[in-house]
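**Student:** My structure is below; once you've seen it, I'll send some questions.
The values are calculated or read from the model by the stated rules, or taken from the named source; none is laboratory data. As the structure is a computational prediction, the values presented were derived from the model and not from experiment. With ideal geometry, Cβ positions are generated from the backbone for all residues, glycine too; neighbour counts draw on all protein chains shown.
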């Protein structure tokens with residue numbers, strides 16, 4: 001949520017000179033992204049995002065993200081393209097950091113979704129999953145089921161119960177449950193893995209872009225639906241479930257990607273896993289971010305409330321009943 | 001350098017509905033401004049900056065800034081306009097904060113000026129000063145000569161000498177000198193008071209906009225030239241004076257606003273005053289900003305080096321000889 005590397009028009013102008021994209025006319029650092037530096041770049045021809053990859057993105061993963069977005073774009077999905085310069089290079093070096101010039105997509109991220117917006121998002125997610133059935137590159141999920149217990153232990157050592165009494169024990173019980181019940185036979189594919197409303201651009205009820213693929217990885221495909229459901233179908237604090245938004249999301253998704261009986265049976269576990277993943281990373285960030293830092297800390301308990309909701313088997317049956 | 005109030009498209013869309021500026025198509029928080037929240041707003045018709053005024057800008061000052069920019073715009077100066085809604089309102093309330101929708105100007109801020117760019121900047125400053133000779137509103141300069149000693153005392157109490165040995169004594173001697181020699185008979189007018197390269201938008205060698213008027217105040221007019229000179233004519237660390245940039249800036253300015261003998265005589269004092277003002281505020285920010293904060297602390301000593309340079313009377317004679 002900040003610009004870590006300061007760039008002036010001299011450096012950006014020199015970079016743009018490698019491309020056929022026109023001359024620089026405006027440059028603004030934007031407060032967006034996970035520990036990357038992002039600039040809004042306006043040229044005489046078009047608009048772009050210039051991203052400099054700081055510590056959190058491994059440069060070795062960039063070819064996977066590039067290929068993923070190209071594959072999706074070629075399949076007609078609405079995702080931004082990494083721009084290639086005159087020599088075909090899409091990966092640049094700016095101030096010693098890996099950098100990419102990326103297509104700017106119009107659209108805004110909704111704060112609280114309507115049912116119609118959730119339906120469009122579900123359809124876009126289904127379209128993406130359909131398109132990725134023949135995508136062959138892979139990238140491990142460093143925040144998958146096997147990572148949760150070690151992450152829980154690191155958080156516990158630093159005082160998980162200071163966030164909420166009994167939280168450490170609750171999380172370890174959930175690790176036990178999920179490790180014992182995690183599905184092993186469901187289709188695995190490249191997934192987005194972080195499709196929160198922040199990462200969906202819309203105009204009205206239409207999706208204009210899926211963005212921020214930096215958590216994309218190879219994982220149980222239906223886990224992506226579980227993440228998206230947990231991110232879209234509740235009030236921010238997790239206290240209120242929105243049945244209509246849920247029904248819209250599920251209907252939009254299944255119109256493109258039907259959910260078979262095996263996946264339906266596994267969905268309660270996948271939904272709980274999605275909640276634990278965000279509960280844990282939010283706890284980690286909460287513990288490791290000073291309260292007075294400029295970065296806004298996200299409430300971990302918002303995902304404990306979702307976890308409690310999904311732990312009620314009747315609720316998940318309800319989701320499936322109203323959404324299929 | 002951050003977004004302090006998070007806005008979604010719902011709030012911004014509702015605001016835009018008050019104006020005849022088209023529909024929202026993109027919204028990005030931008031990392032810019034002095035403790036305000038700034039958003040880049042693209043509509044179907046045009047581009048804007050939406051500013052929410054946080055703690056550092058006094059809402060009571062906004063009518064002064066609005067009138068100043070309108071006056072300058074009407075006089076043909078390149079400055080952004082505060083947009084008025086259908087009812088003529090330019091001051092809005094967004095999330096309980098004063099907010100203004102402001103014209104977006106193309107152009108980029110140079111990091112290190114050329115002589116030609118400095119000449120254009122001098123000409124734009126002269127044009128602005130010329131236009132403001134008949135501007136009647138006033139706003140006190142809270143960072144003027146009388147504010148420097150109290151600010152120096154506050155910094156000294158918190159350990160000025162930790163920044164550099166002997167700095168407290170050097171600053172107090174400078175306060176003595178400036179209070180004794182500060183000119184009293186020079187023309188006073190509204191000035192920008194912070195015309196660093198950051199606050200000048202350019203395309204090539206042409207100025208496309210002067211921005212960020214939130215330090216604008218009523219002050220000795222030639223002090224604005226002194227601030228601008230100190231901001232433009234040195235390497236960032238203040239170690240190297242660029243005679244050609246200086247000559248360009250002075251020539252551009254004086255072509256529009258000749259400097260009379262009385263002002264020339266006072267210029268060494270004004271230049272030293274400009275350096276002390278930024279030395280002091282940078283010291284204050286340095287002392288009061290944790291070293292590990294996300295905000296980049298600016299080196300105070302960069303303005304001590306400029307102060308030393310201008311304290312050499314021969315150097316100022318040189319500036320006047322080559323620039324007039």
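**Student:** Counting only residues that are without any contact (Cβ under 8 Å) to a residue 40 or more places away in the chain, over 30 Å from residue B:281 (Cβ atoms) and more than 7 Å from every other protein chain (Cβ to nearest Cβ), how many does the stretch B:17-41 have?
**Tutor:** Of the residues in that region, 3 qualify.
Residues checked against (1) free of Cβ contacts under 8 Å to residues at least 12 places away in the same chain; (2) in a helix (DSSP H, G or I); (3) within 14 Å of chain A (Cβ to nearest Cβ):
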| position | (1), (2), (3) |
| --- | --- |
| B:116 | no, yes, no |
| B:121 | no, yes, no |
| B:140 | no, no, no |
| B:150 | yes, yes, no |
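**Student:** Against the conditions (1) buried (at least 18 other Cβ atoms within 10 Å of the Cβ); (2) within 14 Å of another protein chain (Cβ to nearest Cβ), where does residue B:79 fall short? Just the number, please.
**Tutor:** Every listed condition holds for residue B:79 apart from (2).
**Student:** Sticking with this structure for a sec: Give the residues of the stretch A:152-181 that are without any contact (Cβ under 8 Å) to a residue 24 or more places away in the chain and buried (at least 18 other Cβ atoms within 10 Å of the Cβ), sorted by residue number.
**Tutor:** Within the stretch A:152-181, A:168 is the sole residue that qualifies.
**Student:** Turning to a different aspect of this structure: Criterion first (assigned by TED's automatic domain parsing to the domain that holds residue A:303 and surrounded by fewer than 18 Cβ atoms within 10 Å (Cβ to Cβ)) does residue A:122 satisfy it?
**Tutor:** Taking the combined requirement at face value, the residue does not satisfy it.
**Student:** Name the residue, out of B:105, B:125, B:137, B:132, that is farther than 20 Å from residue B:224 by Cα and modelled with pLDDT of 95 or more.
**Tutor:** None of the others qualify; the one that does is B:105.
**Student:** Does residue A:322 satisfy the criteria of being modelled with pLDDT under 95, farther than 19 Å from residue A:129 by Cβ and assigned to a helix (DSSP H, G or I)?
**Tutor:** So residue A:322 passes the test.
**Student:** Considering only the stretch A:196-227, how many residues are closer than 13 Å to residue A:120 by Cα and in contact with a strand residue (DSSP E or B) (Cβ under 9 Å, 6 or more places away or on another chain)?
**Tutor:** Total meeting the criteria: 9.
**Student:** If you don't mind, there's one more thing I want to ask. So residue A:154 fits all but one of (1) within 18 Å of residue A:223 (Cβ to Cβ); (2) under 24 Å from the mean Cα position of the chain (by Cα); what number is the exception?
**Tutor:** (1)
Every residue, every condition in (1) at the interface with chain B (Cβ under 9 Å from one of its Cβ atoms); (2) in contact with a strand residue (DSSP E or B) (Cβ under 6 Å, 6 or more places away or on another chain); (3) without any contact (Cβ under 8 Å) to a residue 60 or more places away in the chain; (4) over 22 Å from residue B:42 (Cβ atoms), yes or no:
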| site | (1), (2), (3), (4) |
| --- | --- |
| A:4 | yes, yes, yes, yes |
| A:47 | yes, no, yes, no |
| A:60 | no, no, yes, yes |
| A:103 | no, no, yes, no |
| A:107 | yes, yes, no, no |
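**Student:** With respect to the numbered conditions (1) at pLDDT 95 or above; (2) more than 14 Å from chain A (Cβ to nearest Cβ), which one is the sole condition not fulfilled by residue B:53?
**Tutor:** (1)
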